[in-house]
Amino acid sequence: MTLSSKKRDSLKRNADLCIRCANCMAVCPVSRVTPLFPGPKHAGPGAERFRRPGELSVDEWVDLCIGCHLCDSVCPAGVPISELNLLAKAKSLDERGRPFRDWLLTHSYLYGWGGVLFSPLTNRLLRNSMVKRLLETILKIHRKSPLPDYQSPTFRQWFKGRSSRGGKKIAYFYGCFTNTNEIDVGKATVEVLEAIGFEVVLPPQDCCGLPMLGNGDFNGAIKKGRKNLSSLLRTIRSGMEVLYTSTSCGFMIKHEYAHLLELPGSEDLAKHTFELFEFLRTLKESGNLNFHFKKLPVKAGYFAPCHLRALGIGFPAFEILKLIPGLESKVIEADCCGMGGTFGFKKEKYEIAEEIGKDLREAIDRLNPELILTECEGCRLQIRHLTGLKVLHPIQILRDALRSSSDQEVFDVGDALKNKIGLKS
Amino acid sequence: MHYDLIIIGMGLSGLMAAKTALDLKKRVLLIGKGMGGLTLFSNTIDILGRIPENLNLKDGLFEWIKDHPEHPYSKIGVEGIEEALSSFISIFPPPYTFQSLNGRNAKLPTAIGTFRPTYLFPSTLAGGTYLKEGNTLIVGFKGFKDFYAGYMAKEFKCRHLTLSLQDEGRSELTATYLSRLMEKEGFRERIGSQIKNALKGESLVAMPPILGLRDPMDAKKHLEAITGVEVFEIPTLPPSLLGMRLFNRFKEYLLERGVDLLIGNKISKVQIKSALCEGIEVYHPPITRFYSADHFILATGRFIGGGLEAERERISETVFHLPVWSTRSQDKWFGENFFDDHPIHGFGISVDPSFRPLDSEGKPIFENVRVIGTILSGHHSLYEGSREGIEISTGYWGAKRLLE
Ligand code: SF4
Ligand code: SF4
């Protein structure tokens, strides 16, 4: 089980479309910080003509591509640069063998429950410097990398304990990270959707498969995709739309399942899958979104994650956030956080991730915000690690700013709210 | 989603049109299949390079417009061009701003050791106007293949210094990598003192355009403080960081004013109802999205930008399938030198004074579609040295005449 040879051939053929304009060289976050990676023009279309099946790879550096898709988006010729890199990465890893560490980082859904069950213990362990040193020596997971905490109960468990409120049914793909590490993102989503009259349903779901794909493991990704498709197709056929809050999971489900992995049924699913704020924006455009917000005087920096950019839907969360009175949000002028899914955990890449992150941190420092908002869990981990600031998914702040419908008066509860979201001690 | 205006193409003309529309408080979608050509072309702002050397640009433009009634400049007039240019300059406040040399074309050094005329140039290039035999030390970097200091030094009859960053581990360096290093004070101190030691009476230091993306004037001043001489950049091969600075500044300005920006999205279909365009479809596999608007501006450029496509038998416009005009028949499509007055540069879209595309009888094809930028017929911008001038002035007036 891997990519179809037809797909492979068409990707490779498209390498010849390159007009050498070097647009991609102007935006690549990796070649900007290290000369070890020659940049998209050379790594993708340039090196492609030297890659032959059966011949050993000589381009180990291609593994340094973070998979951010920025190069793809600026290319006027439609060269699938990051996909060429991914194929080359997979080929080189097939030859060299994959480190156990990569398996661990991409299969957190297998042991995530363990982390949850023993969350106080796991979290203490993961913060322990001895353990971190061990992780680094044995597993090549960098000791300074921002390993996430586990939370208990899981989001799914929390949801099970709730009674249904009725309303139009809508499905939610929450993703592994929301389930075991950032439960509040899921809670906020449910609460907001219920507040505007939907009944949230959680269809059976597995890891979307993006971590495997990003590490060049097509088989693993395809298995995950098939499993999710069989459940989610049943969901949409029963008349529901599927919403997601993680832009990475969403990009995988909506675009990579169909475009890259060519999984049967994925085109249908794509038509009924929406990013949460994209969905809210559509409701707003058609006049069907009635939010009543409290005033929330907070200065927030908004960071657009790479997969959100790749989705091609603009910045819908940024647009919706403008509706919250008092909330002053500005776009952070940086293109990449450096985390790249699991990239920033790896010992050999940590420094590159740190360097990319430094540019982001400087951009944040220039804005001097009290709070950072971003849709991607990888970015949130990285930005917390880089800045020590409070970093939330935009839906969390939206939930906090929502007035309950019984709350008729408009009054300023800015400070109380700031307490609630933890900005004031 | 519905907009007042959808602009197709993210080169300088599309960006200018977006700025103009946002200044008029319109809701704008700016969409491009890539990021536009700024990192490819626009190191400086050419208005009309092909006029006698000592002629004032204004006078040169008057003459030119008189002799070229079909030229895009003739739809705008000299004062219109000046107004558009000041709107452009207004978003580049000092210290990194654009200037001309007393209203005339300046001759700026190039990375192949020649001089070329241009009108507006950013402050980091200004020192190039003083370059003379022997007065400049040209500084390059070992492993940065886009800028050969030794070769240029020979052509300009100056000395050169090629710095070696051995500690960087790899033999090849890219422009963005160098530029990021240059944003760090410690790095500037290190190379600054190396340059100072190498100076033998030169009063200028030339570098590739790597003085950083964010605050190039700061880097310039710092290096000048260390070396004691004026530092300037000489434009080189793409990716042009000079163009990137332009693009970044426009992006920042437009985002602050609420533009919707779709980079990397190709239009798969336009929806037309008699003489009106109703919307565009964007195919992003496997999804097709639809965007509607009251007005549309086409700013896709010619062949390199992808606005025009050449086949063996014909040349077509890629979004609206507008008729493409050429002054010559097919057997005259060929020429010796691409950069000369090559016939291929004569192709384009013919428009009325409000930039509406025209059919063979000279009637507007669409009521709500305008065409701007280098895709217009009637100019050979590469040969004339008028590329950015056409983009800025038609971008500005295309949007303004539409919306006011
Ligand atoms: S996907 Fe990102 S990291 Fe990889 S080559 Fe493209 S721009 Fe560089
Ligand atoms: S942006 Fe596309 S066409 Fe331009 S150099 Fe990169 S791959 Fe080639």
Inset, instruction - Determine the gain in length on full extension of the stretch B:Ala275-B:Glu309; use 0.36 nm per residue of separation and subtract their C-alpha separation, reporting nm with one decimal. - result: 9.9 nm
Inset, instruction - Pop a pseudo-label 7 angstrom from the Cα along the beta-carbon direction at both B:Thr114 and B:Val78 and give the gap in nm to one decimal. - result: 2.9
Inset, instruction - Name the aspartates and glutamates eligible as straight-distance cross-link partners of A:Lys169: C-alpha to C-alpha under 15 Å, and not fewer than 8 places from it in the same chain. - result: A:Glu191, A:Glu194, A:Glu199, A:Glu241
Legend entry - Average beta-carbon neighbours from other chains, 10 Å sphere, peptide B:25-34: 2
Inset, instruction - Could you tell me the accessible area of A:Arg98 in Å² (1.4 Å probe, neighbours in place), rounded to the nearest ten? - result: 100
Inset, instruction - Arrange the peptides B:129-140, A:2-13 so that the one whose residues have, on average, the most other Cβ atoms within 10 Å appears first. - result: B:129-140, A:2-13
Inset, instruction - Quick one: of A:Lys41/B:Lys33; A:Lys41/B:Lys25; A:Lys187/A:Lys358; A:Lys254/B:Lys33; A:Lys7/A:Lys168; A:Lys12/A:Lys224, which pairs are farther than 28 Å apart, Cα to Cα? - result: A:Lys41/B:Lys25; A:Lys187/A:Lys358; A:Lys7/A:Lys168
Legend entry - Around A:Lys227: net Lys/Arg minus Asp/Glu count, Cβ-Cβ under 13 Å: +3
Inset, instruction - Considering the options B:Pro69, B:Leu55, B:Pro94, tell which one lies farthest towards the positive end of the dipole of the range B:1-104, charges being +1 on Lys and Arg and -1 on Asp and Glu at the Cβ, about the Cα centre. - result: B:Pro94
Legend entry - Nearest-20 debye value, the protein assembly as shown charge dipole, Cβ charges on Lys, Arg, Asp, Glu: 2380
Inset, instruction - Sort B:Leu5, A:Leu367 from largest to smallest accessible area, using a 1.4 Å probe on the heavy atoms of the protein chains. - result: A:Leu367, B:Leu5
Legend entry - Calculated [θ] (222 nm, deg cm²/dmol) that DSSP helices of n ≥ 4 give over the protein assembly as shown, each run adding -39,500 (n - 2.57): -11000 deg cm²/dmol
Inset, instruction - Can you send over the carbon and sulfur percentage of the accessible area for the protein assembly as shown, probe radius 1.4 Å, protein chains only? - result: 52
Inset, instruction - Enter the Cα centre distance for the pair the range A:149-170 and the range B:146-195, rounded to the nearest angstrom. - result: 58
Inset, instruction - Could you name the lysines whose alpha carbon sits less than 30 Å from that of B:Lys200, not counting residues in the same chain fewer than 8 places away? - result: B:Lys107, B:Lys132, B:Lys142, B:Lys145, B:Lys154, B:Lys157, B:Lys184, B:Lys220, B:Lys221
Inset, instruction - Relative to the longest principal axis of the C-alpha atoms of chain B, give the angle of the C-alpha long axis of helix B:57-67, reported between 0 and 90° and rounded to the nearest 10°. - result: 30
Legend entry - Loss of accessible area when B meets A, both sides summed, Å² nearest 100, probe 1.4 Å: 3300
Legend entry - Probe 1.4 Å, protein heavy atoms only - accessible area per residue of the range B:111-234 in square angstrom: 42
Inset, instruction - Provide the three semi-axes, in whole Å and in decreasing order, of the ellipsoid equivalent to the protein assembly as shown as defined by the square roots of 5 times the Cα gyration tensor eigenvalues. - result: 45, 33, 26
Inset, instruction - Of the options A:Leu36, B:Ile45, B:Leu131, report the single residue whose Cα projects farthest towards the positive end of the charge dipole of the protein assembly as shown (beta-carbon charges: Lys, Arg +1; Asp, Glu -1). - result: A:Leu36
Inset, instruction - Could you please state, rounded to a whole Å, how far the C-alpha centre of the range A:220-275 is from the C-alpha centre of the range B:64-121? - result: 51
Inset, instruction - Report the convex hull volume per residue for the range B:351-400, counting only C-alpha atoms, in Å³. - result: 67
Inset, instruction - May I ask for the angle, rounded to the nearest 10°, between helix B:216-227 and the longest principal axis of chain B, with both axes built from Cα atoms and the value confined to 0 to 90°? - result: 10
Inset, instruction - Find the accessible area per residue for the range A:155-284; the probe is 1.4 Å, ligands and nucleic acids are left out, and the unit is Å². - result: 34
Inset, instruction - Any chance you could check the Cα centroid distance between the range A:284-335 and the range A:175-196 for me, in angstrom? - result: 18
Inset, instruction - Any chance you could run the full-extension gain for B:Lys142 through B:Asn337? It's 0.36 nm times the residue separation minus the Cα-Cα distance, nm to one decimal. - result: 67.0 nm
Legend entry - Packing-based order for A:388-397, B:71-80, A:51-60, using average beta carbon neighbours within 10 Å, highest first: A:388-397, B:71-80, A:51-60
Inset, instruction - Using a 1.4 Å probe and ignoring any ligands, DNA or RNA, find the accessible area of A:Cys24 and quote it in Å² to the nearest 10. - result: 10
Legend entry - Interface residues, the range B:251-279 - accessible area loss of 20 Å² or more versus chain alone, probe 1.4 Å: B:Lys251, B:Glu252, B:Leu255, B:Asp260, B:Leu262, B:Ile263
Legend entry - Computed magnitude of the charge dipole of the range B:111-234 (debye, nearest 20; Cβ of K, R +1, Cβ of D, E -1): 240
Inset, instruction - Using only atoms on other chains, find how many Cβ atoms lie within 10 Å of each Cβ of peptide B:377-383 and report the average. - result: 0
Inset, instruction - Under 16 Å Cα to Cα from B:Lys19, which aspartates and glutamates show up? Leave out anything in the same chain fewer than 8 places away. - result: B:Asp4, B:Glu83, B:Glu252, B:Glu256, B:Asp260, B:Glu388, B:Glu391, B:Glu404
Inset, instruction - Would you tell me the mean number of C-beta atoms belonging to other protein chains that fall within 10 Å of each C-beta in A:13-26, as a whole number? - result: 5
Legend entry - Lys, Arg +1 and Asp, Glu -1 on Cβ, resulting dipole of the range A:5-96 about Cα centre, debye, nearest 20: 220
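The values are calculated or read from the model by the stated rules, or taken from the named source; none is laboratory data. Keep in mind the model is a prediction, meaning the values are calculated, not measured. We place every Cβ from the backbone using ideal geometry, glycine too, and count neighbours over all the protein chains shown. For accessibility, only protein heavy atoms count, side chains too; no ligands or nucleic acids. Shrake-Rupley method; radii C 1.70, N 1.55, O 1.52, S 1.80 Å.
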